[in-house]
1. B:ALA86 versus (1) within 27 Å of A:ASP16 (Cα to Cα); (2) at the interface with chain A (Cβ under 9 Å from one of its Cβ atoms); (3) assigned to a loop (DSSP other than H, G, I, E, B): which is the lone unmet condition?
2. So, in segment B:1-33, of the ones that are touching a residue at least 12 places away in the same chain (Cβ under 8 Å), farther than 19 Å from B:GLY94 by Cβ and open to solvent by less than 10 Å² (accessible area, probe 1.4 Å), which residue ends up farthest from the other protein chains (Cβ to nearest Cβ)?
3. Being exposed (fewer than 14 other Cβ atoms within 10 Å of the Cβ) and away from chain A (no Cβ under 11 Å) is the filter here; which residues of segment B:109-119 pass it?
4. So which residues in segment A:34-74 are more than 12 Å from chain B (Cβ to nearest Cβ), of a type in the set (D, E, K, R) and part of a loop (DSSP other than H, G, I, E, B)?
5. Return a yes/no flag: does segment B:71-88 have any residue that is in contact with a Phe, Trp or Tyr (Cβ under 8 Å, 6 or more places away or on another chain), within 29 Å of A:LYS36 (Cβ to Cβ), at pLDDT 95 or above and open to solvent by less than 60 Å² (accessible area, probe 1.4 Å).
6. Yes or no: B:GLN25 farther than 14 Å from B:VAL104 by Cβ and modelled with pLDDT under 95?
7. Run down B:LYS36, B:LYS19 and say which single residue is basic (Lys, Arg) and either at pLDDT below 95 or in contact with a helix residue (DSSP H, G or I) (Cβ under 6 Å, 6 or more places away or on another chain) (or both).
8. Counting just the residues of segment B:89-99 that are open to solvent by 60 Å² or more (accessible area, probe 1.4 Å) and free of Cβ contacts under 8 Å to residues at least 60 places away in the same chain, which one comes out farthest from the other protein chains (Cβ to nearest Cβ)?
Number of protein chains: 2
Amino acid sequence: MVDSVKMVIAVRKDLDMGKGKIAAQAAHAAVSCALKSQNDHKKLFREWINQGQKKIVIRLDSLETLMRLKTMLDQMGIISCLITDAGFTQIMPGTVTCLGIGPVEESVIDPITGKYPLL
Amino acid sequence: MVDSVKMVIAVRKDLDMGKGKIAAQAAHAAVSCALKSQNDHKKLFREWINQGQKKIVIRLDSLETLMRLKTMLDQMGIISCLITDAGFTQIMPGTVTCLGIGPVEESVIDPITGKYPLL
C-alpha cells in the first residue's frame, strides 16, 4: 500500500492576520513547497499530485514554536519553506508568517505535527 | 518597464468556510495555477516567480458569479483553475470553493477582478 502524502501549512496564530491574509500566506507556502519538492523530491511531489494534493492547515502559537519545528524538520531532511511577508498590509515587512511542510508521508509527519490544532 | 504579474484567488463567501478551510482551498488554487502556467504559460510563470509570486485574495458572493468570471477568463485566454473540495469537512463533496486566476499581467486582470472586494 502506498503511504499517503500530504502538505502541512503551519500558520502563526499570534499575528492575528485576517483570513484573506492567511489565505495568501498559505498559498505562498504551498506554491514554494510544491516547486521545491518538484526539484528536490520528485517522487514525493508526483505522489502528492496524484493523490489530489492533500493539505492541512495548523496553527502555531509563536515564532519560537515555528522556528523550533523548522529546525527539527531540517535535521530530519523533511522539505519545508519559511514564508516571510512583504509587509504591504497588516504586518511588518519581513515578518515570518507561516511554514510550509512537505509534501511528506503522513507516517513521517503526523507524529511531529499531529499535536498542533487545526486552524 | 515590465508589467507586474500576479495571481488572483477568488473565494466563495456564501459557503461560510472557516479560515483554515479557506487557506487550504486557496493554497490548492495557487498550486494548480502555478503548475498549469509552468506548462502552458512559461513566461508569465517565470515573471511571477521572479517578482515574488504576488497574490491577492478576493471574495465572490455566489457560485454564479464565480462561473460567470470563469467563462469570461476562458474566452480571454487567461489561465484559471476551478477548485472543488473533496468534502471531508464542512461542505459537500464536489462543491466549487474557489477559482485561481493567473499568473497574469495586472494591466489585464485588474479591469476584470478589481471591482471585487478583498477577502
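1. (1)
2. B:VAL5
3. Matches in segment B:109-119: B:PRO111, B:GLY114, B:LYS115.
4. Within segment A:34-74, just A:ASP61 meets the criteria.
5. Looking for residues that are in contact with a Phe, Trp or Tyr (Cβ under 8 Å, 6 or more places away or on another chain), within 29 Å of A:LYS36 (Cβ to Cβ), at pLDDT 95 or above and open to solvent by less than 60 Å² (accessible area, probe 1.4 Å), one finds none in segment B:71-88, hence no.
6. No; evaluated as a whole, the condition is false for this residue.
7. Matching residue, one of B:LYS36, B:LYS19: B:LYS19.
8. Step by step, filter segment B:89-99, then rank; the result is B:MET92.
The values are calculated or read from the model by the stated rules, or taken from the named source; none is laboratory data. Note that the structure is a prediction, hence the values are computed from the model and not measured. Every residue, glycine as well, gets a Cβ built from its backbone with ideal geometry; the counts of neighbours run over all protein chains shown. Only protein heavy atoms, including side chains, enter the accessible area calculation; ligands, DNA and RNA are left aside. Shrake-Rupley method; radii C 1.70, N 1.55, O 1.52, S 1.80 Å.
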